[in-house]
Amino acid sequence: MAFLRRIHRVIFLLAWVLVAPFSHADESDLSGMFRFSGFATLGATKGGNEILGFRRELDREGLYDGDWSMLAESSVGLQLDINPTGKWGGTLQLLGKDTVDDSWSDAVSWAFLRYRFNPDWTLRVGRIGIDQYMLSEYRSVGFSYVWIRPPMEFYTLAGFDFFDGMDLAWTTPLGSGTLMAKLQAGQIGNTYEVEGNELELRLKPIFGGTLHWESDHWLARISASRLRFDQREDYFPGTQLLAEALGNPALAPFWPQAAAYSDDFLLDDPYVHYLSAGVAYDKHSWQVQLEANHVDSDTEYYPSVTGSYLSVGRQIGTVTPFVLAAWAQSQNDRFIVEPPALSMYPPLDAALTALAEGLQTARDQGPIEQHTLSLGMRWDVRYDIALKAQWDHSWVHAYGAGLWEQKETLTEDTELNTFSLNLNCIF
Amino acid sequence: MLRLLRMLTLLLGIALVCSARAETVVVVNKDSPVDSFGRRELVDLYMGRTQHFPDGSLVLRLDLPPDSQARNDFYRGLVNKSVAEVNAYWAKLLFTGRASPPQVISNSANVLKAVRENKNAIGYLDSKDVDKSVKVVSRVD
């Protein structure tokens with residue numbers, strides 16, 4: 001069925017592409033009332049091993065055993081912009097990719113109305129891109145950056161591409177460049193795959209602010225956001241069965257800590273804070289980019305992480321080779337579950353042991369500790385087509401594989417290679 | 001020695017001729033209040049940082065086709081980027097819904113026509129294609 005749904009989607013998207021007059025503007029109508037455009041990435045990726053599944057984004061299916069896949073990184077986006085007047089406008093963007101749940105509602109990445117009060121102030125209302133990191137709003141548009149994908153250590157955990165709400169932006173000239181300040185507020189609902197289970201995350205409210213300064217050769221930005229899990233006083237999404245089992249009062253005589261372990265899964269202070277800063281430089285054919293972030297969570301089960309990356313590329317004619325290094329590290333030490341006392345009643349002991357192991361697994365598969373070195377190149381075949389190749393070598397520490405889909409807990413340090421080749425275009 | 005100098009002069013001359021790009025002129029409607037445009041204002045308009053003239057009126061920005069020499073020369077002169085690089089930059093703005101790129105017009109004659117017919121239009125073309133029906137506000141080379 002998933003395959004049928006996918007085919008259905010592809011046919012719909014193709015129909016859109018075929019009717020879209022994207023190649024040239026209609027010169028008899030220069031009002032720019034309608035504009036159809038799009039972007040696509042067709043890619044082959046080889047990655048993962050027998051335990052860890054490669055996933056570019058949290059809502060993608062994992063790729064295991066060093067297999068090749070055409071679905072892991074391919075995507076197509078279609079956009080319709082409507083500009084009836086200089087003040088009013090609207091944008092609808094559909095993004096097609098192979099996700100865990102094949103949900104149609106998530107295929108709508110943007111759907112917003114825009115109102116420009118004057119050249120400096122703009123308000124948008126609807127489904128809007130969340131402006132968390134430098135590439136957050138265009139991570140799916142492969143043609144717009146040099147790598148195969150935004151660095152996994154930084155961007156995979158940022159699972160939220162869009163929110164439903166509003167944002168207000170103010171721009172002003174500052175020095176040799178332009179400053180944009182933006183405030184965002186709204187809510188998010190999305191589906192992820194965690195340990196083989198689909199789980200629904202609802203975040204409400206979310207607030208964010210961004211300062212973005214850009215000149216001919218420099219870009220600098222900082223952003224901060226605060227997200228709140230909507231399931232207050234409830235268990236962290238996906239942990240309910242385990243938490244309820246641990247909370248059973250009958251366990252207390254054999255396992256006094258069980259009730260406290262159960263409470264750890266409660267979202268009693270369900271806030272996550274994101275802070276990030278980034279700088280990019282582009283001059284004399286050199287492209288250098290650096291970003292650092294800190295994710296601070298008050299929830300035991302959602303990892304507090306620090307990440308950063310540095311990329312250096314050099315354009316030589318139409319080819320840009322690059323090197324990229326990225327790091328991510330959880331803040332907390334490994335959580336060791338205190339084992340239950342044995343009851344001398346074998347069936348109960350087996351159940352207690354299984355519960356303790358399940359809890360240890362749940363606590364071991366969230367943390368992140370890894371770094372990756374990537375080498376690659378982009379070749380601008382034409383003004384609208386780019387071919388890219390990239391090799392990533394990742395060092396993943398034991399109990400630190402939270403960015404990967406995991407068949408079982410990673411108990412030893414592991415090194416993995418990911419190879420990718422893709423074709424990116426805009427139209 | 002003299003022959004060597006002559007040879008060097010000749011080679012330099014050839015190199016200069018080969019590297020010289022045609023001059024691109026930026027034009028607006030004759031009735032536009034704008035009389036001249038600095039590089040900064042042009043960059044702001046063509047790189048999507050503003051969509052308004054200094055007086056606050058909305059600008060109709062015109063581009064030539066992506067495979068045309070004039071477009072290549074214009075962006076090379078303005079921001080020292082290839083058309084592919086400029087497209088990659090614009091993809092960020094367009095697909096985040098921040099701004100729409102300039103309208104593509106098929107040739108210089110149609111740019112002149114569109115600028116003549118729209119008071120708020122701005123376009124560019126090879127200096128040899130310009131005529132007196134529009135106002136030249138900037139030169140890029």
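Data for the structure
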{"quantity": "Residues being touching a residue at least 24 places away in the same chain (Cβ under 8 Å) and either outside any strand (DSSP E or B) or out of contact with any strand residue (DSSP E or B) (no Cβ under 7 Å at 6 or more places or on another chain) (or both) - total across the stretch A:313-328", "calculated": "3"}
{"quantity": "Selected residue (criterion: nearest to the other protein chains (Cβ to nearest Cβ)) from residues of the stretch A:109-150 that are charged (D, E, K, R) and not in a loop (DSSP other than H, G, I, E, B)", "calculated": "A:E137"}
{"quantity": "Unmet requirement for A:D282, which otherwise passes all of (1) closer than 30 Å to A:D230 by Cα; (2) buried (at least 16 other Cβ atoms within 10 Å of the Cβ); (3) of a type in the set (D, E, K, R)", "calculated": "(1)"}
{"quantity": "Residue count for the stretch A:170-196, restricted to those that are among the charged types (D, E, K, R) and at pLDDT below 90", "calculated": "2"}
{"quantity": "Filter result (within 13 Å of B:W90 (Cα to Cα) and of a type in the set (K, R)) within the stretch B:34-51", "calculated": "B:R49"}
{"quantity": "Residue check, A:A386 under 28 Å from A:A243 (Cβ atoms), of a type outside the set (F, W, Y), at pLDDT 95 or above and not in a loop (DSSP other than H, G, I, E, B)", "calculated": "no"}
{"quantity": "Some residue of the stretch A:303-321 being among the β-branched types (V, I, T) and closer than 24 Å to A:T171 by Cα", "calculated": "no"}
{"quantity": "Answer residue from the stretch A:145-169, given it is modelled with pLDDT of 95 or more and touching a Ser or Thr at 6+ places or on another chain (Cβ under 8 Å) and is farthest from B:M47 (Cα to Cα) among those", "calculated": "A:P151"}
{"quantity": "Members of the stretch A:319-347 that are β-branched (V, I, T) and either surrounded by fewer than 15 Cβ atoms within 10 Å (Cβ to Cβ) or over 30 Å from A:D380 (Cβ atoms) (or both)", "calculated": "A:V319, A:V323, A:I336, A:V337"}
{"quantity": "Strands (runs of 3 or more DSSP E) fully within the stretch A:27-98 counting 1 or more residues that are within 14 Å of chain B (Cβ to nearest Cβ) and among the β-branched types (V, I, T)", "calculated": "A:34-47, A:75-82, A:88-97"}
{"quantity": "Per-region count, the stretch A:242-274, residues among the aliphatic types (A, V, I, L, M) and in contact with a strand residue (DSSP E or B) (Cβ under 9 Å, 6 or more places away or on another chain)", "calculated": "5"}
{"quantity": "Looking only at the stretch A:151-170, and only at residues there that are within 16 Å of B:T96 (Cα to Cα) and crowded, with 19+ Cβ neighbours inside 10 Å, the one that is nearest to the other protein chains (Cβ to nearest Cβ)", "calculated": "A:A169"}
{"quantity": "Test: A:L242 is more than 30 Å from B:K81 (Cβ to Cβ), touching a Ser or Thr at 6+ places or on another chain (Cβ under 9 Å) and at pLDDT 95 or above", "calculated": "no"}
{"quantity": "Selection count, the stretch B:118-133, where residues are more than 8 Å from chain A (Cβ to nearest Cβ) and not in a loop (DSSP other than H, G, I, E, B)", "calculated": "8"}
{"quantity": "Matching residues in the stretch B:48-62 - criterion: being part of a loop (DSSP other than H, G, I, E, B), within 7 Å of chain A (Cβ to nearest Cβ) and in contact with a strand residue (DSSP E or B) (Cβ under 6 Å, 6 or more places away or on another chain)", "calculated": "B:R49"}
{"quantity": "Test for A:P84: is it of a type outside the set (D, E, K, R) and over 17 Å from the mean Cα position of the chain (by Cα)", "calculated": "yes"}
{"quantity": "Some residue of the stretch B:97-104 being at positive phi, over 16 Å from the mean Cα position of the chain (by Cα) and not β-branched (V, I, T)", "calculated": "yes"}
{"quantity": "Residue in the stretch A:388-396 that is within 14 Å of chain B (Cβ to nearest Cβ) and not hydroxyl-bearing (S, T, Y) present", "calculated": "yes"}
{"quantity": "Breaking point among (1) crowded, with 19+ Cβ neighbours inside 10 Å; (2) at the interface with another protein chain (Cβ under 8 Å from one of its Cβ atoms); (3) in contact with a helix residue (DSSP H, G or I) (Cβ under 9 Å, 6 or more places away or on another chain), for B:A114", "calculated": "(3)"}
{"quantity": "Single residue of A:T418, A:T409 found to be polar (S, T, N, Q) and either more than 27 Å from A:S75 (Cα to Cα) or surrounded by fewer than 23 Cβ atoms within 10 Å (Cβ to Cβ) (or both)", "calculated": "A:T409"}
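Conditions tested, residue by residue: (1) surrounded by fewer than 20 Cβ atoms within 10 Å (Cβ to Cβ); (2) touching a residue at least 12 places away in the same chain (Cβ under 8 Å); (3) farther than 30 Å from B:D44 by Cα.
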| residue | (1), (2), (3) |
| --- | --- |
| A:W213 | yes, yes, no |
| A:W218 | yes, yes, no |
| A:L241 | yes, no, yes |
| A:W255 | no, yes, yes |
| A:Y271 | yes, yes, yes |
| A:W286 | yes, yes, no |
| A:V295 | no, yes, yes |
| A:T299 | yes, yes, yes |
| A:Y309 | no, yes, no |
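Yes/no per residue for (1) part of a loop (DSSP other than H, G, I, E, B); (2) more than 8 Å from every other protein chain (Cβ to nearest Cβ); (3) closer than 18 Å to A:F143 by Cβ:
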position: B:D73; (1), (2), (3): no, yes, no
position: B:W90; (1), (2), (3): no, yes, yes
position: B:P101; (1), (2), (3): yes, yes, yes
position: B:A109; (1), (2), (3): no, yes, no
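The values are calculated or read from the model by the stated rules, or taken from the named source; none is laboratory data. What you see is a predicted model, and the numbers here were worked out from it, not measured in a lab. Methodologically, a virtual Cβ is constructed for each residue, glycine included, from the backbone with ideal geometry; neighbour enumeration extends over all protein chains shown.
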